[in-house]
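The values are calculated or read from the model by the stated rules, or taken from the named source; none is laboratory data. None of these values were measured; they are calculated from a predicted model. Positions of Cβ are generated from backbone atoms using ideal geometry, with glycine treated the same way; all protein chains shown enter the neighbour counts. The area values use the complete protein model at the heavy-atom level, side chains included, leaving out ligands, DNA and RNA. Shrake-Rupley method; radii C 1.70, N 1.55, O 1.52, S 1.80 Å.
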Amino acid sequence: MSVHFHLRYSTRFGQDLFVIIEAGQDGAEQVAEYPMTYLNDELWQCSVDIDHAPRVLFYRFEIREQSGEIKEDWGRRRLDYSGKNDLRVFDYWNAPGAVENAFETQAFRVLEPVAEAIEEKAKMGFTHYFRAKAPLLQQEEVLCMVGHGIALRNWDTKAPLLLRRDEEGWFLQLDLSGENFPLGYKYGVWNTRTNQFMGFEEGSNRTLYAAATGTGGPVLTILNDGFARFPANTWRGAGVAIPVFSLRSKKSWGVGEFSDIRLLVDWAKSVGLKIIQLLPVNDTTATHTWVDSYPYSAVSAFALHPIYLNMEQLAGKKHAALLKPYQKTHKTLNALEAVDYEAVMKLKWEVIRQLYALQKDEWTGDKAYQTYFSENRHWLEPYAVFCSLRDKNGTADFSKWPSQQVCRPAEVEKMLSPASKNYDEVAIHLFVQWRLHLQLKAATDYAHQHGIAVKGDIPIGIYRHSCDAWVAPELYNMNMQAGAPPDDFAVNGQNWGFPTYNWAQMQADGFAWWRQRFHQMSLYFDAFRIDHILGFFRIWSIPMDAVEGILGHFVPAIPVTEAELLESGVGFNRDRLCRPYITEQVLHDIFGADINWVGENCLLPRKDDRFDLRPEFATQRLVELYFEGQPGTAQHIRLRDGLYRLISNVILLEGGTEEDSALHFRFGMEKTTSFQYLPEEVKGPLKALYVDYFYRRQDDFWQREAMEKLPALKRATQMLICGEDLGMVPHCVPDVMKELGILSLEIQRMPKAAGATFFHPRDAPYMSVVTPSTHDMSTIRGWWEEDRELSQRFFREILGLEGAAPYFCEPWLNHAILEQHFQSPAMWSIFQLQDLLGVDEKLRRENPHDERINIPANPKHYWRYRVHIMLEDLMKSGEFNAALKKMIAGSGRD
């Protein structure tokens with residue numbers, strides 16, 4: 001069989017096109033790649049002879065630049081064919097960033113369910129097979145076609161050809177053997193309820209050229225016409241964001257649980273919301289203390305957190321009596337204002353252990369469990385063993401274990417054997433994960449049945465002492481820490497403590513770990529937020545001896561060279577530029593009355609009127625270690641933080657590892673006294689190099705880095721991808737996200753335009769999510785009270801109101817801010833539940849500062865916020881729900 005491929009695409013000089021053909025039902029095996037030939041300004045072609053043609057053929061197209069850059073069109077195409085005749089296939093290039101592709105994702109298959117697959121009956125004599133997509137048609141609308149010639153109804157819009165719909169789009173089979181070519185045609189919309197033609201697609205007519213004849217007779221022509229050309233930026237939806245642990249229902253045990261998602265779905269559907277956004281739900285159990293409440297520090301990128309397990313569902317009717325002694329305790333915990341993480345975990349594990357003992361002979365033989373185990377054993381087995389060893393050794397830090405510091409498959413298998421004396425200590429974690437899977441799957445399936453999409457969250461890093469690091473440490477740079485540079489929310493930067501990714505190693509196996517991670521998420525979620533998407537361009541990398549993020553630098557990055565410093569006139573004095581600059585005046589500026597203690601205990605005098613730090617205080621980590629053994633008085637904290645500041649009083653940082661001695665500017669160099677005490681003739685050229693380093697030289701480099709990772713990762717999932725692109729955003733980031741069709745995040749109080757104080761939601765791009773606040777910020781009401789001058793400016797400049805702004809964010813003000821976001825042109829407006837409740841005087845919490853979920857500047861923050869209202873009571877709040885429903889409907893987001 002011969003397949004004659006034609007691609008409608010206008011290339012520019014230096015571009016070549018290839019068709020990549022894959023065979024097999026799953027398309028896993030790449031067969032070959034074929035160069036295409038330029039036919040004219042709009043068409044490239046390629047003929048491929050295929051022996052023993054399979055029934056299913058997968059293929060895609062690539063553009064290859066002279067520079068070596070490769071761009072793939074979006075979506076692997078499928079060709080079903082069992083006949084003997086040759087095929088002539090016409091395709092359109094599908095750019096990954098095309099807006100329409102968003103509506104082909106898992107999220108929109110929930111919101112706009114596609115038709116069931118149609119068993120096509122063999123239709124004799126058709127010569128042309130048309131396929132097109134129109135994902136935004138309403139329920140009573142179908143795609144139709146008219147054109148030149150009798151078979152195409154001679155442009156009669158009163159009786160057009162109606163296409164049929166299947167899971168891949170719309171299709172039509174026609175016999176055009178008697179027509180005179182070329183033929184023009186167009187798609188349109190037909191309303192089946194009114195039997196009326198609603199209008200044509202935009203643009204010029206599509207053209208169909210003469211049929212061809214192959215070696216076996218007439219050639220079947222397949223026209224994959226891509227998306228019908230209808231406006232693609234008209235759909236808009238709204239959603240609610242809330243961590244699972246923050247939910248509160250009458251049946252939850254002191255913390256929100258997966259079973260509570262059902263109630264949230266009922267409420268969301270009743271008011272017209274279309275998506276629920278959650279924080280990460282992975283297991284973070286490392287210390288068995290409240291420190292584990294941090295949801296972005298998972299001990300497994302795959303395992304779910306036991307805290308979300310509902311005990312009633314776990315016990316079932318058969319073992320319900322076991323829960324009676326715990327009723328008083330769980331009700332007391334559920335009545336608390338915030339989550340008592342340690343008490344909840346202690347209570348739940350006490351019950352889990354008893355239920356495991358009662359049920360351990362029941363679940364392993366379940367065929368559904370066996371399927372689950374088989375599909376997840378790549379992470380499930382080592383995770384269960386890791387948890388057992390963590391508890392046995394009293395720490396998740398596997399480097400401190402007396403044995404099994406390295407994960408060995410044979411030892412994992414041995415511990416998982418039912419014959420092992422510690423089998424139950426391992427198997428209980430299999431049991432818990434199985435039941436967590438069932439409960440979360442039931443909750444998200446319930447959401448899907450009610451037309452609500454669920455959006456998850458993928459942290460940028462992994463916990464240093466996680467199962468992932470234990471199993472495959474080669475995938476991570478364990479000698480570095482990830483974080484973020486200083487900003488208005490964290491003036492000394494952020495140090496998350498995570499190891500950074502070894503991207504070269506990950507790329508070597510085709511990003512297998514990421515593909516497995518996405519697959520696991522897609523079992524439950526339809527969309528996801530990439531936490532700190534900037535990390536795919538470059539990551540803020542901090543040496544292990546640093547505590548604060550301010551001592552980090554971007555990796556990868558084009559460093560500053562000694563030659564540049566010399567040529568610019570700055571010169572290169574390693575001691576002056578790379579070591580802490582400590583003088584008597586600097587010490588007075590930082591320590592004031594504490595200067596004598598610092599001089600006596602921490603410093604060594606030099607001959608040039610400067611000081612060096614004593615070896616025991618030479619790094620921030622050593623300072624931290626010293627003060628951990630001291631009483632936490634205000635003076636000790638002041639001394640510790642002053643020494644941190646002293647250590648970071650440098651202009652240039654060296655790479656951070658023995659292998660890397662490259663030079664990088666310390667962020668915020670101009671604020672250091674080291675810079676301020678430089679000669680004036682040196683400051684100018686040094687500032688010019690600083691600006692070039694951070695804002696010019698890296699951009700193309702970082703763009704190439706991102707394009708080596710993100711396209712492959714995006715291709716690995718059908719979920720809708722949203723990026724958290726906040727902070728110090730390189731110029732290339734918006735272009736890459738637009739090219740790949742990744743939604744941006746737009747926040748009113750974090751404008752991306754240089755020099756702007758606020759961002760107006762009306763200016764949001766369509767492919768974005770707008771929100772007035774996130775879990776890392778104060779709520780609308782909390783923010784309003786933080787800075788009186790700023791809220792007054794917002795009152796005047798963004799709300800367009802005169803006079804003095806109210807001191808508190810009154811309900812009508814909260815409503816006005818929400819209204820701006822609902823009316824935004826962005827695809828999604830998503831709000832924290834606290835911000836939605838803020839419009840109702842009766843329902844909202846009295847103190848808005850109690851509603852904040854996280855404070856990024858505090859690395860030891862306790863994540864324990866719970867919404868103050870029961871979900872059952874929220875459902876009954878008729879006046880509030882009616883007002884919210886009216887606001888959503890009025891914005892066109894229902």
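Need a quick list: strands (runs of 3 or more DSSP E) entirely within region 195-283 having at least 2 residues that are over 28 Å from the mean Cα position of the chain (by Cα).
It comes to 196-200, 206-208, 220-227.
For region 766-781, indicate whether the set of residues that are out of contact with any strand residue (DSSP E or B) (no Cβ under 8 Å at 6 or more places or on another chain), under 17 Å from ILE817 (Cα atoms), at pLDDT 95 or above and of a type in the set (S, T, N, Q) is non-empty.
For region 766-781, residues out of contact with any strand residue (DSSP E or B) (no Cβ under 8 Å at 6 or more places or on another chain), under 17 Å from ILE817 (Cα atoms), at pLDDT 95 or above and of a type in the set (S, T, N, Q): present.
Suppose we keep only residues that are in contact (Cβ under 8 Å) with a residue 24 or more places away in the chain, of a type outside the set (S, T, N, Q) and touching a helix residue (DSSP H, G or I) at 6+ places or on another chain (Cβ under 6 Å) within region 759-802. Which one would you say is nearest to HIS861 (Cα to Cα)?
GLY782
Can you report the number of residues in region 76-118 which are surrounded by 15 or more Cβ atoms within 10 Å (Cβ to Cβ), in a loop (DSSP other than H, G, I, E, B) and either modelled with pLDDT of 85 or more or among the hydrophobic types (A, V, I, L, M, F, W, C) (or both)?
Number satisfying all stated conditions: 8.
Those residues that are surrounded by 17 or more Cβ atoms within 10 Å (Cβ to Cβ) and either of a type in the set (S, T, N, Q) or touching a Pro at 6+ places or on another chain (Cβ under 6 Å) (or both), I need them from region 342-384; list them, please.
Selection gives GLN359, ASN376.
Tell me, which residue of region 638-691 that is within 24 Å of ILE590 (Cβ to Cβ) and among the acidic types (Asp, Glu) is most open to solvent (accessible area, probe 1.4 Å)?
Looking at the filtered set, the residue picked out is GLU680.
Mind listing whichever residues of region 847-894 are within 24 Å of TRP253 (Cα to Cα) and open to solvent by 60 Å² or more (accessible area, probe 1.4 Å)?
ASP850, ARG852, ARG864, HIS868, ASP873, MET875, LYS876
Any residue that is in a loop (DSSP other than H, G, I, E, B) and within 18 Å of HIS664 (Cβ to Cβ) - is there at least one of those in region 581-596?
Within region 581-596, one or more residues are in a loop (DSSP other than H, G, I, E, B) and within 18 Å of HIS664 (Cβ to Cβ).
Take region 142-161 and flag every residue that is open to solvent by 10 Å² or more (accessible area, probe 1.4 Å), part of a strand (DSSP E or B) and over 23 Å from GLY75 (Cβ atoms).
Once the filter is applied, which keeps residues that are open to solvent by 10 Å² or more (accessible area, probe 1.4 Å), part of a strand (DSSP E or B) and over 23 Å from GLY75 (Cβ atoms), region 142-161 yields only LEU161.
Which of the residues spanning region 465-496 are part of a loop (DSSP other than H, G, I, E, B) and aromatic (Phe, Trp, Tyr)?
PHE489, TRP496
Can ARG640 be described as among the charged types (D, E, K, R) and closer than 30 Å to PRO711 by Cβ?
Against the criterion (among the charged types (D, E, K, R) and closer than 30 Å to PRO711 by Cβ), ARG640 does not qualify.
If a residue must be touching a Lys or Arg at 6+ places or on another chain (Cβ under 8 Å) and open to solvent by less than 10 Å² (accessible area, probe 1.4 Å), how many such residues does region 271-284 contain?
Qualifying residue count, region 271-284: 4.
Provide a single number: the residues in region 828-852 that are among the hydrophobic types (A, V, I, L, M, F, W, C) and closer than 16 Å to GLU786 by Cα.
Selection size over region 828-852: 0.
Return the residues of region 558-573 that are open to solvent by less than 60 Å² (accessible area, probe 1.4 Å) and within 12 Å of ALA688 (Cβ to Cβ); say none if nothing qualifies.
Matches in region 558-573: VAL560, GLU564, LEU565, SER568, GLY569, VAL570.
Answer yes or no as to whether ASP894 is over 30 Å from ALA484 (Cα atoms) and modelled with pLDDT under 95.
yes
Considering ASP594, ASP609, which residue is over 22 Å from PRO859 (Cβ atoms) and exposed (fewer than 12 other Cβ atoms within 10 Å of the Cβ)?
ASP609
Which ranges mark the helices (runs of 4 or more DSSP H) fully within region 651-708 that have 1 or more residues being touching a helix residue (DSSP H, G or I) at 6+ places or on another chain (Cβ under 6 Å), under 17 Å from ARG576 (Cα atoms) and touching a residue at least 24 places away in the same chain (Cβ under 8 Å)?
So the answer is 673-676, 680-695.
Out of region 443-455, which residues are in contact (Cβ under 8 Å) with a residue 40 or more places away in the chain and surrounded by fewer than 21 Cβ atoms within 10 Å (Cβ to Cβ)?
Those that are in contact (Cβ under 8 Å) with a residue 40 or more places away in the chain and surrounded by fewer than 21 Cβ atoms within 10 Å (Cβ to Cβ): TYR446, HIS448, HIS450, GLY451.
Would you check if TYR524 is closer than 23 Å to THR284 by Cβ, in a loop (DSSP other than H, G, I, E, B) and open to solvent by less than 20 Å² (accessible area, probe 1.4 Å)?
yes
Search region 827-844 for residues being under 12 Å from HIS815 (Cβ atoms) and in a loop (DSSP other than H, G, I, E, B), and hand back the single one that is least open to solvent (accessible area, probe 1.4 Å).
Applying the filter and picking the extreme gives GLY838.
Within region 162-195, which residues are buried (at least 20 other Cβ atoms within 10 Å of the Cβ) and β-branched (Val, Ile, Thr)?
Passing the criteria: only VAL189.
Can you confirm whether GLY838 is more than 26 Å from the chain's Cα centre (by Cα) and either more than 26 Å from LEU247 (Cα to Cα) or basic (Lys, Arg) (or both)?
So GLY838 does not fit the description; no.
Among ALA335, ALA286, which is small (Gly, Ala, Ser) and closer than 25 Å to GLU411 by Cβ?
From the options ALA335, ALA286, the qualifying one is ALA286.
Restricting attention to region 201-246, which residues are open to solvent by 20 Å² or more (accessible area, probe 1.4 Å), at pLDDT below 95 and either within 30 Å of ILE869 (Cβ to Cβ) or in contact with a helix residue (DSSP H, G or I) (Cβ under 7 Å, 6 or more places away or on another chain) (or both)?
Answer for region 201-246, where residues must be open to solvent by 20 Å² or more (accessible area, probe 1.4 Å), at pLDDT below 95 and either within 30 Å of ILE869 (Cβ to Cβ) or in contact with a helix residue (DSSP H, G or I) (Cβ under 7 Å, 6 or more places away or on another chain) (or both): just ASN233.
Scanning for something of a type outside the set (Val, Ile, Thr) and touching a residue at least 60 places away in the same chain (Cβ under 8 Å), does region 152-166 turn up at least one residue?
no
Report, by residue number, each residue of region 416-436 that is within 35 Å of the chain's Cα centre (by Cα) and open to solvent by less than 40 Å² (accessible area, probe 1.4 Å).
Selection gives LEU416, VAL426, ALA427, ILE428, HIS429, LEU430, PHE431, VAL432, GLN433, TRP434, LEU436.
Looking at GLY592, is it small (Gly, Ala, Ser) and over 18 Å from LEU663 (Cα atoms)?
When the stated conditions are applied, GLY592 passes them.
Any residue that is aliphatic (A, V, I, L, M), at negative phi, part of a strand (DSSP E or B) and modelled with pLDDT of 95 or more - is there at least one of those in region 750-765?
Checked region 750-765: no residue is aliphatic (A, V, I, L, M), at negative phi, part of a strand (DSSP E or B) and modelled with pLDDT of 95 or more.
Which residue pairs have Cβ atoms under 6 Å apart, sit 6 or more places apart or on different chains, and have a first residue in region 386-402 that is under 11 Å from GLU425 (Cβ atoms) and a second that is open to solvent by 10 Å² or more (accessible area, probe 1.4 Å) and among the charged types (D, E, K, R)?
Qualifying pairs under 6 Å: SER388/GLU425.
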